[in-house]
1. Residues that are within 24 Å of residue 107 (Cβ to Cβ), at pLDDT 95 or above and of a type outside the set (S, T, N, Q): list the helices (runs of 4 or more DSSP H) wholly contained in region 147-218 that include at least 2 such residues.
2. Answer yes if at least one residue in region 4-19 is open to solvent by 60 Å² or more (accessible area, probe 1.4 Å), out of contact with any Ser or Thr (no Cβ under 7 Å at 6 or more places or on another chain), away from ligand 2 (no atom under 16 Å from the Cβ) and at pLDDT below 95, and no otherwise.
3. How many residues, within region 21-51, are open to solvent by 40 Å² or more (accessible area, probe 1.4 Å) and within 16 Å of ligand 1 (Cβ to nearest atom)?
4. Evaluate the following for residue 57: is it over 28 Å from residue 156 (Cβ atoms), of a type outside the set (Gly, Ala, Ser) and either modelled with pLDDT under 90 or more than 14 Å from ligand 2 (Cβ to nearest atom) (or both)?
5. Give just the number: which of (1) in a helix (DSSP H, G or I); (2) in the same structural domain as residue 16 (by TED's automatic domain parsing); (3) within 13 Å of ligand 1 (Cβ to nearest atom) does residue 108 not satisfy?
6. What's the number of the only condition in (1) more than 26 Å from residue 5 (Cβ to Cβ); (2) buried (at least 22 other Cβ atoms within 10 Å of the Cβ) that residue 115 fails to meet?
7. Do any helices (runs of 4 or more DSSP H) lying entirely in region 251-366 carry at least 3 residues that are under 20 Å from residue 238 (Cβ atoms) and open to solvent by 40 Å² or more (accessible area, probe 1.4 Å), and which ones are they?
8. Please state which one of 106, 127 is touching a Lys or Arg at 6+ places or on another chain (Cβ under 9 Å), free of Cβ contacts under 8 Å to residues at least 40 places away in the same chain and surrounded by fewer than 18 Cβ atoms within 10 Å (Cβ to Cβ).
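The values are calculated or read from the model by the stated rules, or taken from the named source; none is laboratory data. Predicted model only: the values in this text are computed from it and were never measured. Cβ sites come from the backbone with ideal geometry, for glycine too, and all protein chains shown count toward neighbours. Only protein heavy atoms, including side chains, enter the accessible area calculation; ligands, DNA and RNA are left aside. Shrake-Rupley method; radii C 1.70, N 1.55, O 1.52, S 1.80 Å.
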Amino acid sequence: MLDNALKLIRELTEHNYKAYIVGGFVRDYLLGRESQDIDVATNATPKEIKEVFKDGFLPTEDYGSVIVNKYGIRFEITTFRKEFSYQDHRKPVEIQYIDDLYQDLLRRDFTINAICIDENGEIIDFLGGRDDLERKLIRTVGDADERFEQDALRILRAIRFATVLDFQLDGEVVEAIRKHRSLLKELSYHRKKEELDKIFVSGRAEQGIDMLLDFRLDKCLDLDNLSKVENTNSLIGIWSVLHVEDKYPFSSNEKELMKDIREVMVLNNYDPMALYHYGLYVNSVAGELKGLDKKKITECYNSLSIHRRQDLDLSSEEIMDSLHKTPGEYLSDIYEAIEKEVLYHRLPNEKDKLLAYIQENFASNS
Ligand code: ATP
Ligand code: MG
(Lines give C-alpha, C1' and ligand atoms only; values in the text may rest on other atoms or scores of the structure.)
(Ligands and ions follow the chains in the order given, each with its own letter.)
Protein backbone atom coordinates (compact mmCIF):
# COMPACT_ATOMS: atom_id res chain seq x y z
CA MET A 1 0.00 0.00 0.00
CA LEU A 2 2.87 2.39 0.83
CA ASP A 3 4.44 1.87 -2.61
CA ASN A 4 1.19 2.76 -4.32
CA ALA A 5 0.74 5.77 -2.06
CA LEU A 6 4.25 6.97 -2.96
CA LYS A 7 3.46 6.49 -6.65
CA LEU A 8 0.34 8.60 -6.23
CA ILE A 9 2.05 11.50 -4.46
CA ARG A 10 4.86 11.44 -7.04
CA GLU A 11 2.26 12.18 -9.71
CA LEU A 12 1.62 15.41 -7.84
CA THR A 13 5.28 16.24 -7.14
CA GLU A 14 6.13 15.59 -10.80
CA HIS A 15 3.66 18.37 -11.61
CA ASN A 16 5.65 20.58 -9.22
CA TYR A 17 3.18 20.43 -6.37
CA LYS A 18 4.07 19.53 -2.81
CA ALA A 19 2.38 16.33 -1.67
CA TYR A 20 2.59 14.18 1.46
CA ILE A 21 0.90 11.12 2.88
CA VAL A 22 -0.59 12.13 6.22
CA GLY A 23 -3.11 11.17 8.90
CA GLY A 24 -4.41 7.71 9.62
CA PHE A 25 -2.31 5.81 7.08
CA VAL A 26 1.03 7.11 8.41
CA ARG A 27 -0.05 6.53 12.01
CA ASP A 28 -1.24 3.01 11.30
CA TYR A 29 1.77 2.21 9.10
CA LEU A 30 4.17 3.15 11.91
CA LEU A 31 2.12 1.03 14.31
CA GLY A 32 2.08 -1.92 11.89
CA ARG A 33 -1.68 -1.70 11.51
CA GLU A 34 -3.74 -1.92 8.32
CA SER A 35 -5.47 1.12 6.88
CA GLN A 36 -8.68 1.34 4.91
CA ASP A 37 -7.78 4.44 2.93
CA ILE A 38 -5.05 7.03 2.56
CA ASP A 39 -5.12 10.76 3.29
CA VAL A 40 -2.88 13.00 1.19
CA ALA A 41 -2.08 16.67 1.83
CA THR A 42 -0.96 18.92 -1.03
CA ASN A 43 -0.61 22.56 -2.01
CA ALA A 44 -2.47 21.83 -5.27
CA THR A 45 -6.00 23.22 -5.22
CA PRO A 46 -8.93 20.84 -5.79
CA LYS A 47 -9.13 22.05 -9.40
CA GLU A 48 -5.42 21.36 -9.91
CA ILE A 49 -5.70 17.93 -8.25
CA LYS A 50 -8.51 17.03 -10.64
CA GLU A 51 -6.37 18.11 -13.59
CA VAL A 52 -3.56 15.79 -12.48
CA PHE A 53 -5.87 12.80 -11.95
CA LYS A 54 -8.22 13.63 -14.89
CA ASP A 55 -10.97 10.97 -14.81
CA GLY A 56 -9.77 9.29 -11.64
CA PHE A 57 -11.63 11.44 -9.13
CA LEU A 58 -15.08 10.99 -7.70
CA PRO A 59 -17.62 13.79 -7.49
CA THR A 60 -17.91 14.92 -3.86
CA GLU A 61 -19.61 17.67 -1.98
CA ASP A 62 -16.83 17.69 0.57
CA TYR A 63 -15.19 21.06 1.01
CA GLY A 64 -11.78 21.06 -0.59
CA SER A 65 -11.11 17.33 -0.68
CA VAL A 66 -10.82 15.27 -3.83
CA ILE A 67 -11.36 11.52 -3.69
CA VAL A 68 -9.26 9.49 -6.12
CA ASN A 69 -9.61 5.73 -6.53
CA LYS A 70 -6.38 4.23 -7.78
CA TYR A 71 -4.55 0.91 -7.35
CA GLY A 72 -7.72 -0.30 -5.60
CA ILE A 73 -7.13 2.29 -2.86
CA ARG A 74 -9.29 5.24 -1.88
CA PHE A 75 -7.20 8.40 -1.60
CA GLU A 76 -8.61 11.50 0.05
CA ILE A 77 -6.52 14.38 -1.26
CA THR A 78 -6.89 17.61 0.69
CA THR A 79 -5.40 21.00 -0.07
CA PHE A 80 -3.22 22.54 2.68
CA ARG A 81 -5.49 24.87 4.58
CA LYS A 82 -6.02 27.15 7.48
CA GLU A 83 -9.36 27.01 9.18
CA PHE A 84 -11.23 29.99 10.58
CA SER A 85 -14.29 30.90 12.56
CA TYR A 86 -15.50 27.63 13.96
CA GLN A 87 -19.22 28.05 14.51
CA ASP A 88 -21.12 26.22 17.24
CA HIS A 89 -18.03 24.16 18.07
CA ARG A 90 -18.10 22.20 14.85
CA LYS A 91 -16.63 22.22 11.36
CA PRO A 92 -15.00 25.53 10.36
CA VAL A 93 -17.21 27.77 8.24
CA GLU A 94 -14.31 29.32 6.43
CA ILE A 95 -11.07 27.89 5.13
CA GLN A 96 -8.13 29.37 3.30
CA TYR A 97 -5.89 27.36 1.00
CA ILE A 98 -2.23 27.80 1.88
CA ASP A 99 1.13 26.72 0.54
CA ASP A 100 2.75 25.50 3.71
CA LEU A 101 2.72 21.96 5.11
CA TYR A 102 3.63 23.01 8.65
CA GLN A 103 0.67 25.39 8.85
CA ASP A 104 -1.59 22.62 7.58
CA LEU A 105 -0.34 20.25 10.27
CA LEU A 106 -1.16 22.78 12.96
CA ARG A 107 -4.90 22.53 12.21
CA ARG A 108 -4.89 18.76 12.68
CA ASP A 109 -6.33 17.17 15.79
CA PHE A 110 -3.67 14.97 17.41
CA THR A 111 0.10 14.73 17.12
CA ILE A 112 -0.15 11.08 16.05
CA ASN A 113 -2.34 12.21 13.12
CA ALA A 114 0.09 14.90 11.99
CA ILE A 115 3.03 12.75 10.87
CA CYS A 116 3.81 12.80 7.13
CA ILE A 117 5.66 10.73 4.58
CA ASP A 118 7.17 12.56 1.59
CA GLU A 119 7.65 11.31 -1.97
CA ASN A 120 10.98 9.66 -1.05
CA GLY A 121 9.41 7.71 1.78
CA GLU A 122 11.03 9.98 4.40
CA ILE A 123 9.09 10.63 7.57
CA ILE A 124 8.38 14.23 8.49
CA ASP A 125 7.36 14.76 12.08
CA PHE A 126 7.28 18.41 13.14
CA LEU A 127 5.02 17.95 16.14
CA GLY A 128 6.46 15.01 18.03
CA GLY A 129 3.90 12.49 16.80
CA ARG A 130 6.36 9.59 16.75
CA ASP A 131 7.28 10.09 20.39
CA ASP A 132 3.60 10.02 21.25
CA LEU A 133 3.11 6.86 19.22
CA GLU A 134 5.89 5.28 21.20
CA ARG A 135 4.49 6.53 24.50
CA LYS A 136 1.00 5.45 23.36
CA LEU A 137 -0.36 8.88 24.04
CA ILE A 138 -3.22 10.91 22.56
CA ARG A 139 -2.07 14.52 22.67
CA THR A 140 -3.65 17.43 20.83
CA VAL A 141 -1.80 19.67 18.41
CA GLY A 142 -1.79 22.84 20.46
CA ASP A 143 -3.91 23.60 23.50
CA ALA A 144 -6.45 20.84 24.16
CA ASP A 145 -8.93 23.24 25.69
CA GLU A 146 -8.93 25.47 22.65
CA ARG A 147 -8.95 22.62 20.13
CA PHE A 148 -11.96 20.89 21.73
CA GLU A 149 -13.83 24.15 21.99
CA GLN A 150 -13.24 24.79 18.27
CA ASP A 151 -14.55 21.39 17.24
CA ALA A 152 -16.10 19.18 19.89
CA LEU A 153 -15.93 16.13 17.64
CA ARG A 154 -12.26 15.95 18.62
CA ILE A 155 -13.44 14.82 22.08
CA LEU A 156 -15.02 11.77 20.53
CA ARG A 157 -12.07 11.25 18.20
CA ALA A 158 -9.71 11.27 21.20
CA ILE A 159 -11.75 8.50 22.78
CA ARG A 160 -11.96 6.66 19.47
CA PHE A 161 -8.17 6.63 19.01
CA ALA A 162 -7.53 5.75 22.66
CA THR A 163 -9.96 2.85 22.33
CA VAL A 164 -8.92 1.51 18.94
CA LEU A 165 -5.17 1.85 19.52
CA ASP A 166 -5.24 1.07 23.25
CA PHE A 167 -3.55 4.42 24.01
CA GLN A 168 -3.75 6.72 27.03
CA LEU A 169 -5.24 10.20 26.95
CA ASP A 170 -2.80 12.96 27.83
CA GLY A 171 -3.64 14.74 31.12
CA GLU A 172 -4.55 17.95 29.34
CA VAL A 173 -6.89 16.03 27.05
CA VAL A 174 -8.62 14.44 30.05
CA GLU A 175 -9.13 17.88 31.63
CA ALA A 176 -10.40 19.38 28.39
CA ILE A 177 -12.88 16.55 27.85
CA ARG A 178 -14.30 17.12 31.34
CA LYS A 179 -14.57 20.82 30.68
CA HIS A 180 -16.13 20.72 27.23
CA ARG A 181 -18.14 17.48 27.13
CA SER A 182 -21.48 19.32 26.96
CA LEU A 183 -20.42 20.77 23.58
CA LEU A 184 -21.04 17.31 22.10
CA LYS A 185 -24.74 18.16 22.19
CA GLU A 186 -24.23 20.69 19.42
CA LEU A 187 -22.72 18.26 16.90
CA SER A 188 -24.75 16.52 14.21
CA TYR A 189 -25.74 12.97 15.04
CA HIS A 190 -24.27 11.94 11.71
CA ARG A 191 -20.73 12.98 12.69
CA LYS A 192 -21.06 11.53 16.17
CA LYS A 193 -22.27 8.21 14.78
CA GLU A 194 -19.23 7.88 12.50
CA GLU A 195 -16.90 8.00 15.51
CA LEU A 196 -19.15 5.86 17.72
CA ASP A 197 -19.35 3.20 14.99
CA LYS A 198 -15.56 3.05 14.90
CA ILE A 199 -15.45 2.64 18.69
CA PHE A 200 -18.13 -0.07 18.62
CA VAL A 201 -16.56 -2.19 15.84
CA SER A 202 -13.02 -1.88 17.14
CA GLY A 203 -12.87 -5.15 19.04
CA ARG A 204 -12.26 -3.03 22.15
CA ALA A 205 -15.80 -1.63 22.30
CA GLU A 206 -16.11 -2.56 25.96
CA GLN A 207 -13.13 -0.36 26.92
CA GLY A 208 -14.48 2.45 24.71
CA ILE A 209 -17.90 2.28 26.34
CA ASP A 210 -16.29 2.29 29.79
CA MET A 211 -14.36 5.40 28.83
CA LEU A 212 -17.49 7.15 27.51
CA LEU A 213 -19.25 6.28 30.77
CA ASP A 214 -16.31 7.36 32.96
CA PHE A 215 -16.37 10.78 31.31
CA ARG A 216 -20.16 10.82 31.60
CA LEU A 217 -20.49 11.44 27.88
CA ASP A 218 -23.53 9.14 27.62
CA LYS A 219 -25.96 11.91 28.53
CA CYS A 220 -24.24 14.47 26.27
CA LEU A 221 -24.54 11.99 23.39
CA ASP A 222 -28.17 11.08 24.19
CA LEU A 223 -27.09 7.48 24.78
CA ASP A 224 -29.17 6.86 27.91
CA ASN A 225 -28.87 3.08 27.61
CA LEU A 226 -25.08 3.01 27.25
CA SER A 227 -24.55 1.39 30.64
CA LYS A 228 -26.95 -1.40 29.63
CA VAL A 229 -24.72 -2.58 26.77
CA GLU A 230 -23.18 -5.77 28.09
CA ASN A 231 -22.16 -7.78 25.11
CA THR A 232 -20.33 -5.95 22.37
CA ASN A 233 -19.73 -8.46 19.59
CA SER A 234 -22.22 -6.99 17.17
CA LEU A 235 -22.45 -3.36 16.05
CA ILE A 236 -26.15 -3.58 15.25
CA GLY A 237 -26.69 -5.36 18.56
CA ILE A 238 -25.12 -2.48 20.46
CA TRP A 239 -27.25 0.09 18.60
CA SER A 240 -30.38 -2.01 19.27
CA VAL A 241 -29.76 -1.77 23.00
CA LEU A 242 -29.02 1.95 22.71
CA HIS A 243 -32.39 2.40 20.95
CA VAL A 244 -31.74 5.85 19.49
CA GLU A 245 -33.19 5.58 15.97
CA ASP A 246 -35.23 8.70 16.63
CA LYS A 247 -32.01 10.73 16.78
CA TYR A 248 -29.10 8.94 15.12
CA PRO A 249 -29.27 8.20 11.37
CA PHE A 250 -29.91 4.62 10.22
CA SER A 251 -31.17 3.07 6.98
CA SER A 252 -34.68 1.65 6.96
CA ASN A 253 -33.20 -1.86 6.83
CA GLU A 254 -31.14 -1.20 9.93
CA LYS A 255 -34.17 0.23 11.74
CA GLU A 256 -36.20 -2.86 10.88
CA LEU A 257 -33.38 -5.12 12.06
CA MET A 258 -32.99 -3.31 15.39
CA LYS A 259 -36.74 -3.47 16.00
CA ASP A 260 -36.68 -7.23 15.34
CA ILE A 261 -33.66 -7.70 17.62
CA ARG A 262 -35.44 -5.91 20.45
CA GLU A 263 -38.57 -8.02 19.85
CA VAL A 264 -36.70 -11.32 20.01
CA MET A 265 -34.73 -10.20 23.07
CA VAL A 266 -37.79 -11.01 25.20
CA LEU A 267 -38.36 -14.37 23.48
CA ASN A 268 -36.64 -17.70 23.97
CA ASN A 269 -34.03 -17.75 21.19
CA TYR A 270 -33.90 -21.55 21.12
CA ASP A 271 -37.64 -21.65 20.51
CA PRO A 272 -38.73 -22.92 17.05
CA MET A 273 -41.36 -20.20 16.58
CA ALA A 274 -38.92 -17.37 17.41
CA LEU A 275 -36.31 -18.90 15.12
CA TYR A 276 -38.80 -19.47 12.31
CA HIS A 277 -40.34 -16.01 12.38
CA TYR A 278 -37.23 -13.90 12.97
CA GLY A 279 -34.54 -16.08 11.40
CA LEU A 280 -31.09 -17.16 12.56
CA TYR A 281 -29.28 -13.81 12.36
CA VAL A 282 -31.66 -11.78 14.51
CA ASN A 283 -31.89 -14.55 17.11
CA SER A 284 -28.11 -14.95 17.19
CA VAL A 285 -27.56 -11.23 17.79
CA ALA A 286 -30.21 -11.18 20.52
CA GLY A 287 -28.84 -14.42 21.97
CA GLU A 288 -25.36 -12.94 22.01
CA LEU A 289 -26.59 -9.83 23.81
CA LYS A 290 -28.15 -12.11 26.42
CA GLY A 291 -25.07 -14.33 26.70
CA LEU A 292 -26.76 -17.43 25.25
CA ASP A 293 -24.98 -20.29 23.52
CA LYS A 294 -24.70 -19.19 19.88
CA LYS A 295 -23.84 -22.67 18.65
CA LYS A 296 -26.96 -24.07 20.23
CA ILE A 297 -29.08 -21.35 18.58
CA THR A 298 -27.61 -22.33 15.21
CA GLU A 299 -28.24 -26.02 15.90
CA CYS A 300 -31.85 -25.31 16.88
CA TYR A 301 -32.30 -23.25 13.73
CA ASN A 302 -30.81 -25.92 11.48
CA SER A 303 -33.03 -28.59 12.97
CA LEU A 304 -36.28 -26.69 12.38
CA SER A 305 -38.73 -28.88 10.47
CA ILE A 306 -39.48 -25.98 8.11
CA HIS A 307 -37.66 -22.67 7.52
CA ARG A 308 -40.23 -20.88 5.39
CA ARG A 309 -43.83 -21.22 4.30
CA GLN A 310 -42.82 -22.70 0.94
CA ASP A 311 -41.26 -25.64 2.81
CA LEU A 312 -44.74 -26.85 3.79
CA ASP A 313 -45.89 -29.81 1.72
CA LEU A 314 -49.05 -27.92 0.86
CA SER A 315 -50.05 -25.10 -1.51
CA SER A 316 -52.76 -22.44 -1.13
CA GLU A 317 -54.62 -24.08 -4.04
CA GLU A 318 -54.70 -27.37 -2.18
CA ILE A 319 -56.08 -25.69 0.94
CA MET A 320 -58.76 -23.90 -1.08
CA ASP A 321 -59.69 -27.08 -2.98
CA SER A 322 -59.97 -29.05 0.20
CA LEU A 323 -62.28 -26.44 1.76
CA HIS A 324 -64.07 -25.55 -1.53
CA LYS A 325 -63.32 -21.90 -0.90
CA THR A 326 -61.95 -18.94 -2.85
CA PRO A 327 -58.88 -16.97 -1.60
CA GLY A 328 -59.32 -14.92 1.55
CA GLU A 329 -57.86 -13.83 4.88
CA TYR A 330 -58.65 -17.23 6.37
CA LEU A 331 -55.66 -18.70 4.46
CA SER A 332 -53.10 -16.97 6.63
CA ASP A 333 -54.86 -18.19 9.81
CA ILE A 334 -54.64 -21.73 8.48
CA TYR A 335 -51.00 -21.31 7.50
CA GLU A 336 -50.07 -19.96 10.92
CA ALA A 337 -51.82 -22.84 12.62
CA ILE A 338 -50.16 -25.55 10.54
CA GLU A 339 -46.74 -23.88 10.74
CA LYS A 340 -47.00 -23.99 14.51
CA GLU A 341 -48.11 -27.63 14.55
CA VAL A 342 -45.28 -28.66 12.21
CA LEU A 343 -42.61 -26.59 14.02
CA TYR A 344 -43.53 -28.14 17.38
CA HIS A 345 -43.56 -31.62 15.77
CA ARG A 346 -47.22 -32.15 16.58
CA LEU A 347 -47.88 -32.73 12.91
CA PRO A 348 -45.56 -34.20 10.25
CA ASN A 349 -44.95 -32.10 7.15
CA GLU A 350 -46.89 -34.47 4.90
CA LYS A 351 -49.63 -33.40 2.54
CA ASP A 352 -52.31 -35.89 3.58
CA LYS A 353 -51.70 -35.24 7.31
CA LEU A 354 -51.81 -31.48 6.80
CA LEU A 355 -55.02 -31.69 4.76
CA ALA A 356 -56.61 -33.95 7.38
CA TYR A 357 -55.69 -31.39 10.06
CA ILE A 358 -57.27 -28.60 8.01
CA GLN A 359 -60.45 -30.62 7.48
CA GLU A 360 -60.68 -31.31 11.17
CA ASN A 361 -60.03 -27.79 12.38
CA PHE A 362 -61.19 -25.47 9.64
CA ALA A 363 -63.81 -27.17 7.49
CA SER A 364 -66.66 -26.61 9.96
CA ASN A 365 -66.13 -22.85 9.85
CA SER A 366 -66.98 -22.65 6.17
P1 ATP B 1 -9.03 6.75 10.01
O2 ATP B 1 -8.12 5.64 10.25
O3 ATP B 1 -10.38 6.56 10.62
O4 ATP B 1 -9.13 7.21 8.58
P5 ATP B 1 -7.80 9.31 10.37
O6 ATP B 1 -6.93 9.83 11.45
O7 ATP B 1 -7.19 9.17 9.01
O8 ATP B 1 -8.38 7.94 10.86
P9 ATP B 1 -9.77 10.92 9.05
O10 ATP B 1 -11.14 11.26 9.52
O11 ATP B 1 -9.57 10.15 7.82
O12 ATP B 1 -9.07 10.23 10.30
O13 ATP B 1 -9.00 12.31 8.92
C14 ATP B 1 -7.74 12.42 8.30
C15 ATP B 1 -6.86 13.39 9.06
O16 ATP B 1 -7.47 14.68 9.05
C17 ATP B 1 -6.65 13.06 10.52
O18 ATP B 1 -5.62 12.12 10.71
C19 ATP B 1 -6.32 14.42 11.09
O20 ATP B 1 -5.01 14.78 10.78
C21 ATP B 1 -7.26 15.32 10.29
N22 ATP B 1 -8.57 15.50 10.95
C23 ATP B 1 -9.70 14.78 10.76
N24 ATP B 1 -10.71 15.23 11.50
C25 ATP B 1 -10.23 16.29 12.18
C26 ATP B 1 -10.81 17.20 13.11
N27 ATP B 1 -12.08 17.10 13.50
N28 ATP B 1 -10.00 18.19 13.58
C29 ATP B 1 -8.71 18.30 13.18
N30 ATP B 1 -8.12 17.47 12.33
C31 ATP B 1 -8.86 16.46 11.82
MG1 MG C 1 -8.20 8.57 7.17
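1. Details: elements: 153-165, 171-180, 189-200, 205-214.
Result: 153-165, 171-180, 189-200.
2. Just the residues of region 4-19 that are open to solvent by 60 Å² or more (accessible area, probe 1.4 Å), to begin with: 7, 10, 14-16, 18.
Checking the rest, the ones that are also out of contact with any Ser or Thr (no Cβ under 7 Å at 6 or more places or on another chain) come to 7, 10, 14-16.
Now narrow it down to the ones that are away from ligand 2 (no atom under 16 Å from the Cβ): 7, 10, 14-16.
Those still in the list that are at pLDDT below 95 too: none.
The answer is no, given that none of the residues of region 4-19 is open to solvent by 60 Å² or more (accessible area, probe 1.4 Å), out of contact with any Ser or Thr (no Cβ under 7 Å at 6 or more places or on another chain), away from ligand 2 (no atom under 16 Å from the Cβ) and at pLDDT below 95.
3. Residues of region 21-51 open to solvent by 40 Å² or more (accessible area, probe 1.4 Å): 29-34, 36-37, 39, 45, 47-48, 50-51.
Next cut, within 16 Å of ligand 1 (Cβ to nearest atom) only: 29-34, 36-37, 39.
Total meeting the criteria: 9.
4. Numbers: over 28 Å from residue 156 (Cβ atoms): yes; of a type outside the set (Gly, Ala, Ser): yes; either modelled with pLDDT under 90 or more than 14 Å from ligand 2 (Cβ to nearest atom) (or both): yes.
Yes; evaluated as a whole, the condition is true for this residue.
5. (1)
6. (1)
7. Values: elements: 252-265, 272-289, 294-302, 316-323, 330-343, 351-362.
Passing ranges, in order: 252-265, 272-289.
8. On the way: 127 fails: surrounded by fewer than 18 Cβ atoms within 10 Å (Cβ to Cβ).
Exactly one residue qualifies, and that residue is 106.
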